[in-house]
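The values are calculated or read from the model by the stated rules, or taken from the named source; none is laboratory data. Not measured: the values here are computed from a predicted model. Cβ sites come from the backbone with ideal geometry, for glycine too, and all protein chains shown count toward neighbours. Remember, those area values only see protein heavy atoms, side chains included, never the ligands or the DNA or RNA. Shrake-Rupley method; radii C 1.70, N 1.55, O 1.52, S 1.80 Å.
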Amino acid sequence: FYESLIKDVSFCYSNFKMLPIMDKSDVRANFELLCSSDKEVRCPYTNSSGGSTGEPLKFIQDKEHAIWGRAVKSLYDLWSGLEPCDKQLRLWGSERDVFGKGNTIKQKLVRWIKNERWVNTFILSDKSLEKIIELIKNNNYRQITAYVDTAYELSKYINHNNIKLNFKGNIITSA
């Protein structure tokens, strides 16, 4: 893709500014050109963004990316004090992850083994925030992973309503 934009230039770091800033429409229009030429030997699979800001953006990942992603998540869990089988609450703003690909029997089993409870926070209301607060009150979650905006709205609601929580775990923001 970039070879077609930068012709006859020996590329070095100072030429980096010559690369165009891309947006989602550029990626969609040039999808194949942006894929690695060796993608087929790298066990590729198609993934996409959650689509929370509009149409999901599709991209290619490979087995190595998945392995590294699991390793990084395990490191975050270790740093936050999460032990295997500790209860986790995922306040996730991507319906696709909660209800779509996350709704397979395999994924349900993995989430059960990992002791994860996933809650769709794509659309938040007072009622949904109250349900989340009840989950936190009635479960001994060791870790809550939430979209940043969800954590913010939940915190605002808790503060505004003077709600007392006895949560002693860790909160990790994501996405």
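At-a-glance table
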item	result
When residues of the range 129-143 are limited to those that are assigned to a helix (DSSP H, G or I) and not β-branched (Val, Ile, Thr), the one least open to solvent (accessible area, probe 1.4 Å)	Leu129
Where a residue in the range 105-126 is within 12 Å of Gln88 (Cβ to Cβ) and among the aromatic types (Phe, Trp, Tyr) and its partner, wherever it lies, is at pLDDT below 90 and open to solvent by less than 90 Å² (accessible area, probe 1.4 Å), with Cβ under 7 Å and at least six apart	Trp118/Trp92; Trp118/Val98; Trp118/Gly102; Trp118/Arg111
Filter pass, Lys168 being open to solvent by 50 Å² or more (accessible area, probe 1.4 Å), over 20 Å from Thr53 (Cβ atoms), among the charged types (D, E, K, R) and assigned to a loop (DSSP other than H, G, I, E, B)	yes
Test: residue in the range 29-38 that is touching a strand residue (DSSP E or B) at 6+ places or on another chain (Cβ under 8 Å), open to solvent by less than 50 Å² (accessible area, probe 1.4 Å), at pLDDT 90 or above and outside any helix (DSSP H, G or I)	no
Residues satisfying the stated conditions in the range 47-70, i.e. among the small types (Gly, Ala, Ser) and surrounded by 10 or more Cβ atoms within 10 Å (Cβ to Cβ)	Ser48, Ser49, Gly50, Gly51, Ser52, Ala66, Gly69
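Residue by residue, here is whether (1) at pLDDT 85 or above; (2) not charged (D, E, K, R) holds:
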| residue | (1), (2) |
| --- | --- |
| Ile6 | no, yes |
| Met18 | no, yes |
| Val27 | yes, yes |
| Thr46 | yes, yes |
| Leu57 | yes, yes |
| Gly69 | yes, yes |
| Val72 | yes, yes |
| Tyr76 | yes, yes |
| Arg90 | yes, no |
